[in-house]
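First up is the structure itself, then whatever we jot down about it.
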Amino acid sequence: MSEEKRWISIERLLDDYSIPVLADAAENHKLQTINALGQRILATDGHVDDKKSKAYALEHLASRYAMQQDPGPDDYLFNERLEIEGSPLDLFGWPEDQLPNFNNIQPHFQNPQAQKSWTQRSLKEFEEELRQAGSLGKAGELHGVSRQRYSEILKDKRDAANWGKV
């Protein structure tokens, strides 16, 4: 008989990772749950009422997040209830050898406009792109600019790299 893989539940992971990170992992990293026979299965894409669905797990994470954001005087009752009854989040998670890399999960909106402009890249990046494109015109087309405009930007990069050199 094979050795049972260690189960790491979302409930346990709440001690180490933020709810936004765990929610992103649940949505995007093959969340598993345990069926009535104790078998690990992929969480379904069903409705929040389906106790085997990602939506069900996410609903419970959302409730926890709301409690964290607005703690109340009765929160201790919730924690006592968890100790006695367990948490629905105990039934969702991953085997230890299939855990997502939580440290690489970026759950918050990444504004594509906040990324640096293609004109702000290094000279080395420009020269590699030019080599791969084969010509100034084709390199310019990659960014929707003319050959002349691409050439001007590349010249500025080269001048800046050579500034102060004799």
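Skip the ligands, DNA and RNA, and give the accessible area per residue of the chain with a 1.4 Å probe, whole Å². Before the final figure, lay out each step's value.
Details: 11840 Å² over 166 residues.
For the chain, the solvent-accessible area averages 71 Å² per residue.
Could you order peptides 59-71, 9-21 by the average number of other Cβ atoms within 10 Å of their residues, highest first?
Working: 59-71: 13.1, 9-21: 16.7.
Going from most to least packed, we get 9-21, 59-71.
Helix-only estimate, please: 222 nm mean residue ellipticity of the chain, summing -39500 (n - 2.57) across DSSP H runs of length 4 or more and dividing by its residues, to the nearest 500. Walk me through the numbers before you get to the answer.
Values: 7 runs with 74 residues, N = 166.
Counting only the DSSP helices, I get -13500 deg cm²/dmol.
For 7, 94, write out the residues from largest to smallest accessible area, computed with a 1.4 angstrom probe and no ligands counted. Please report the intermediate quantities before stating the final value.
Values: 7 60, 94 0 Å².
Greatest to least solvent exposure: 7, 94.
Treating the angle as unsigned and between 0 and 90°, give the value, to the nearest 10°, between the Cα long axis of helix 123-133 and the longest Cα principal axis of the chain.
Approximately 90 degrees, to the nearest ten.
Any chance you could give the angle, 0 to 90 degrees and rounded to 10, that helix 54-69 forms with the longest Cα principal axis of the chain?
90 degrees
If I fit a long axis through the Cα atoms of helix 147-162 and take the longest principal axis of the Cα atoms of the chain, what angle between them do I get, 0 to 90°, rounded to 10?
90 degrees
Jot down the radius of gyration and Dmax of the chain, Cα atoms only, both in angstrom.
In Å, with Rg to one decimal and Dmax whole: 25.5, 77.
Taking the Cβ of residue 138 as the centre, find all other residues whose Cβ is under 10 Å away and add up their charges (Lys, Arg: +1; Asp, Glu: -1). Write out the running numbers ahead of the final one.
On the way: positive: 147; negative: 129, 141.
Cβ neighbours under 10 Å give a net charge of -1.
Provide the percentage of antiparallel DSSP beta bridges, counting only those with both residues in the range 6-104; round to the nearest 5. Present the calculation step by step, with values, prior to reporting the outcome.
Details: 8 of 9 bridges.
Counting only bridges with both partners in the range 6-104, antiparallel ones make up about 90 percent.
The values are calculated or read from the model by the stated rules, or taken from the named source; none is laboratory data. Being a predicted model, the structure only gives us computed values, none of them experimental. Cβ coordinates were reconstructed from backbone atoms using ideal geometry, including for glycine residues, and neighbour counts include every protein chain displayed. Note: accessible area is taken over every heavy atom of the protein model, side chains too, but ligands, DNA and RNA are not part of it. Shrake-Rupley method; radii C 1.70, N 1.55, O 1.52, S 1.80 Å.
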